[in-house]
1. Among the residues of region 461-484, how many are more than 17 Å from C354 (Cβ to Cβ) and not in a strand (DSSP E or B)?
2. Which count do you get for residues in region 204-225 that are within 17 Å of the chain's Cα centre (by Cα) and of a type outside the set (G, A, S)?
3. Looking at V341, V327 in this structure, which one is crowded, with 20+ Cβ neighbours inside 10 Å and under 17 Å from D578 (Cβ atoms)?
4. Select from region 158-197 the residues that are buried (at least 22 other Cβ atoms within 10 Å of the Cβ) and of a type in the set (V, I, T) and write down the one among them that is farthest from K252 (Cα to Cα).
5. Cβ-Cβ below 8 Å, separation at least six or inter-chain, first residue in region 191-216 and outside the structural domain of S233 (by TED's automatic domain parsing) and assigned to a loop (DSSP other than H, G, I, E, B), second buried (at least 20 other Cβ atoms within 10 Å of the Cβ) and not polar (S, T, N, Q): which pairs?
6. Checking A392 against (1) of a type in the set (G, A, S); (2) within 23 Å of the chain's Cα centre (by Cα); (3) at pLDDT below 90, which test does it fail?
7. How many residues, within region 91-117, are surrounded by fewer than 16 Cβ atoms within 10 Å (Cβ to Cβ) and within 25 Å of the chain's Cα centre (by Cα)?
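The values are calculated or read from the model by the stated rules, or taken from the named source; none is laboratory data. Here the structure is a predicted model, which is why all the values come from computation and not from measurement. Heads up, the Cβs are rebuilt from the backbone with ideal geometry, glycines too, and the neighbour counts pull from every protein chain shown.
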Amino acid sequence: MRKMYPHELFRVMPRPRSGLNELDGMAQENTSQNVWPEIEKAEKENRRELVLQGSAFDKKIQSCGGIHQRLYSLALLNYLEISQCPSLHEVSESIRQLSHLQSLILCRNKLTSVPKSIGELKAIKVLDLSVNRLQVLPEDICELSELNTLNISCNNITALPEGLSKCVKLATINVSKNALSRLPDALWSTKLELLSSIIASENVIEDLSSDVHNLTALKVLDLSSNKLQELPSELANCSKLKEINFKGNKLKDKRLEKMVNGCQTKSVLDYLRAGGRGKGKGKQQDGEAGEKDDTGGNVSVKKSAGKRKGKKEMEEVDELNRMVVRVLHLSETPSAVMVKVSPGVKDVRPYIVCCIVKGMNLRKGNALKRFLTTQTKLHDEICARRTTATIATHDMTLVKAPLLYDVRPPDILKIVPLGRKEIKAAQLLKQLQQEADEQRKQKKRQNVSGLHKYLQLLDGKDLYPCLVDAEDHVISFPPITNSERTKIKKTTCELFLEVTSSTSLQVCKDVMDTLITKMAELNKLTFEQKEDGGSDEEADAVSDCASENQTSHELTILQVKVVDVDENLKVVYPSKTDLISENVNLTVIR
């Protein structure tokens, strides 16, 4: 046997290039006692969905230095959500192993990068990377040929990949609240024939391509709060475009700027179709006037008349776009509603603001459907899918005041959920979870829908929040559902609005401000549209408020005060500092 020298006896073997992280990952993977219980359960039950959300998982990520490596062995997953974990800064390239993923939700973390291997997840349909710290996206994202929905809002992204046109099934893209100075040419490709919604608000975009007309399926286009100076006339050729938003852009054409601030989609498109100011019909008239001037007509008189006509048109546009909200002070409403807050909500969902709205016409045509759709959109957008706040709307005539904002154990809290019979909260959540699992099995859905999306928000809570009326009926169970007892319908003409949050009081106020502004816009739209009012029965039931709405689309807001159990004031909404809208066409009378 060869003699061993001392330096050979103590020779240190070289470590892998990846260093301690890889060794730690292997140690975690091979030590079952370190595996997160949620991952272990998903393995044992062959689960298709896994949600890791909130502070409890954030602590685990912090202690492990990242996501547990065992997660990447869950090959059957088709839905993975890791959200609200500030300690999550990156995701391993090992994510390529989750080849069956159809929905990947990595929102509200602090991701600074996206692994290139994400491009190997060929089954991905929904990708949500919103509310992180991303500055760039890998070009590999363009390899996701099944991608239907892309949400990268609330990041610091300065440019989008140029190969987006390869995502031919893309239908919705949200890039709002980033640092984009332009949208890539690929976004206007004829290959994106399914693209129906582009949300790119609150960036620094300076130009909207005239190729926008290539998007034949485009229905929603939001480029509000950017740096646009002009809108291309080709926008009018988007035949399916139903909703546009260019507020907050300093357009050169001031008349057009006033029109877009009023959210009049049809008026804006008609204006662009005619060629805008100084073009189309207007240009023809100016030309005719010029010819007469050459024959000796009174030039100054004609110019003066033209200015008066222009000013009159501007005033008409202003009047057309104006929305009015009148606020009644508590002193003006003798039967003012009060909401008491119990001390227990402090550790569950501490913030609430409420108010009453009169003058909303939900009877005509699709008015109610539009209102409910708007509420859903607000939940998905400004409420961040109900993670920051939840909106509840009630028929005020069915609300028995005074109200109590309280907390109750899951086995005690009872509610009559929308469209269901009375049930305990614990049973309701269990029932909804079972329905969600069954839906995914039967329909092979990539994610859950309806109420089922919000079940995870109550994980780990020993007490559930609820709004209770004077007869001890639970009329609201945030963030899950309202009660069938106070459900709004076409005959509703006085609404009780409620916004709750676990984040902050200001969030509640901001959401309520936005909701009321949207209601003013919808009521104005209903007032202007010629739609059938509904059945004779409904017409009789709402004759008083309907007759009022037929002469005005003005909304009246009644203040509601929120107090503690000793009736010390906590908040009153709307106060003088609320409803300060950037919308120049919204007039608030206090």
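1. Going through region 461-484, the residues more than 17 Å from C354 (Cβ to Cβ) turn out to be 461-464, 471-472, 480-481, 484.
With the extra rule that they be not in a strand (DSSP E or B), the set shrinks to 461-463, 471-472, 480, 484.
The qualifying residues number 7.
2. Here is the first cut: in region 204-225, the residues within 17 Å of the chain's Cα centre (by Cα) are 219-225.
Retained after the next criterion (residues that are of a type outside the set (G, A, S)): 219-223.
Matching residues across region 204-225 total 5.
3. Details: V341 fails: under 17 Å from D578 (Cβ atoms).
Matching residue, one of V341, V327: V327.
4. For region 158-197, the residue satisfying everything is I173.
5. Matching pairs, first to second residue: none at all.
6. Only one criterion in (1) of a type in the set (G, A, S); (2) within 23 Å of the chain's Cα centre (by Cα); (3) at pLDDT below 90 is unmet by A392, namely (3).
7. Qualifying residue count for the region: 3.
For every residue, the table says whether it meets (1) part of a helix (DSSP H, G or I); (2) in contact (Cβ under 8 Å) with a residue 24 or more places away in the chain; (3) out of contact with any strand residue (DSSP E or B) (no Cβ under 8 Å at 6 or more places or on another chain).
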site: E43; (1), (2), (3): yes, yes, yes
site: L52; (1), (2), (3): no, yes, no
site: A56; (1), (2), (3): yes, yes, yes
site: Q62; (1), (2), (3): yes, yes, yes
site: Y72; (1), (2), (3): yes, yes, yes
site: A75; (1), (2), (3): no, yes, yes
site: L80; (1), (2), (3): no, yes, no
site: L88; (1), (2), (3): no, yes, no
